[in-house]
Ligand SMILES: [Zn+2]
């Protein structure tokens, strides 16, 4: 009985501590110069710096298709007047992922391993993600995190935890704009400064990025590719980003979508190749849904892994001293750790029952 009370007390303390951690730490990282203002599209303030001009001149602009930036209408990219033949492989128009301009790599849209789900969370790091990251750690589950540069600058210690916990960190731009609406300089700066922030805070240079809203075309792909950033999209969308209060869908509607993802994992849809699911670290609602549905998702798919592992990419960063587990390594480590954890739980369970019987204490 005492142990139960202690457990409840410990849980309460952990919850309170987790909430307190949401107050950003005072860090030694500074973003006062050499970076765009947090959460704003980069402007001439950075374009005129020597650093950015060097980055700009390192790009072979003859390889970047001359596509006019799109415009926003009521916050959404305007598709009016765009050719139905989709000459620019514009994802927002047609979900195109096979570039039409020469020399561009196709987007990554799925995990090649059959029955395997690539787990991705966008828009972090989140100030209040401690409970969520603790959950993933407890489950020995790694994921691919697409970090917004401005969030990394605002929450550097939260960002560092992702790398420490073994998640794969990728670029998700500086200020989360629809990239096809930006000028070449703006798009280049969005990618360059978010990558620079990740390197400054975490010490790694990601080789992968994801466009916010999936909004990419051959012009943006060409700029990203010259920064050694390959494009990752998805083929399953949880729609969690659109849940109230941030969005307009009710939690029950999001539950239906998650149930659909579970069904797809079980019904043979991915018998020959896997999937990549889009989820978000956006707010407590999306993180809670991720925790709630994880057990069913995990049991519906053969393997649930980060993208680097399902693609057998052992070097997801430019730094050669950082290696990531291959698919076989990830699966074997994950399975054995899970097995080990199960045995430990079993042993402790048996001991607890034995002690309870010894002292005739009811543990229920
Ligand atoms: Zn996003």
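Go through the residues of segment 41-52 one by one and say whether even a single one is crowded, with 16+ Cβ neighbours inside 10 Å and under 24 Å from residue 93 (Cα atoms). Within segment 41-52 (the criterion being crowded, with 16+ Cβ neighbours inside 10 Å and under 24 Å from residue 93 (Cα atoms)), the answer is yes, since at least one residue qualifies. Residue count for segment 265-275, restricted to those that are assigned to a helix (DSSP H, G or I) and surrounded by fewer than 17 Cβ atoms within 10 Å (Cβ to Cβ): 1. Selection of segment 177-226 for residues being free of Cβ contacts under 8 Å to residues at least 40 places away in the same chain and either over 20 Å from residue 120 (Cβ atoms) or not in a helix (DSSP H, G or I) (or both) yields 187, 199. Can you tell me which of (1) out of contact with any strand residue (DSSP E or B) (no Cβ under 8 Å at 6 or more places or on another chain); (2) at pLDDT 95 or above; (3) in a loop (DSSP other than H, G, I, E, B) is the one residue 234 doesn't meet? Condition (1) is where residue 234 drops out. If only residues of segment 237-261 that are in a helix (DSSP H, G or I) and farther than 21 Å from residue 300 by Cβ are counted, the one that is nearest to the chain's Cα centre (by Cα) is 241. Contact map, segment 112-125: first residue at positive phi, second residue at pLDDT 95 or above and outside any strand (DSSP E or B), Cβ cut-off under 7 Å, separation 6 or more or different chains; pairs are 115/270; 115/271; 115/274; 115/301; 115/302; 123/148; 123/172; 123/281.
Of the residues making up segment 306-321, those that are farther than 21 Å from residue 202 by Cβ and touching a strand residue (DSSP E or B) at 6+ places or on another chain (Cβ under 9 Å) number 1. If you go through segment 301-338 and pick out every residue that is part of a helix (DSSP H, G or I) and in contact (Cβ under 8 Å) with a residue 40 or more places away in the chain, you end up with 9. The residues of segment 211-226 that are under 16 Å from the mean Cα position of the chain (by Cα) and either more than 16 Å from the ligand (Cβ to nearest atom) or crowded, with 24+ Cβ neighbours inside 10 Å (or both) amount to a single one, 211. When segment 137-152 is filtered for residues that are surrounded by fewer than 24 Cβ atoms within 10 Å (Cβ to Cβ) and more than 16 Å from the ligand (Cβ to nearest atom), the ones remaining, listed by number, are 137, 138, 139, 140, 141.
If you go through segment 67-94 and keep only what is assigned to a loop (DSSP other than H, G, I, E, B), in contact (Cβ under 8 Å) with a residue 60 or more places away in the chain and loosely packed, with under 14 Cβ neighbours inside 10 Å, you end up with just 71. Could you look through segment 116-130, keep only residues that are at pLDDT 95 or above and more than 16 Å from the ligand (Cβ to nearest atom), and pick out the one that is surrounded by the most Cβ atoms within 10 Å (Cβ to Cβ)? Here the answer is 118.
The set of residues from segment 227-240 being in contact (Cβ under 8 Å) with a residue 60 or more places away in the chain and within 13 Å of the ligand (Cβ to nearest atom) comprises 232, 233, 234.
Quick check: is even one residue across segment 267-275 within 16 Å of the ligand (Cβ to nearest atom) and either within 15 Å of the chain's Cα centre (by Cα) or free of Cβ contacts under 8 Å to residues at least 40 places away in the same chain (or both)? Scanning segment 267-275, I find no residue that is within 16 Å of the ligand (Cβ to nearest atom) and either within 15 Å of the chain's Cα centre (by Cα) or free of Cβ contacts under 8 Å to residues at least 40 places away in the same chain (or both), so the answer is no.
The values are calculated or read from the model by the stated rules, or taken from the named source; none is laboratory data. Computed from a prediction, not measured in an experiment: that's the story for all the values here. Ideal geometry is used to build each Cβ from the backbone, glycine not excepted, and the neighbour counts take in all protein chains shown.
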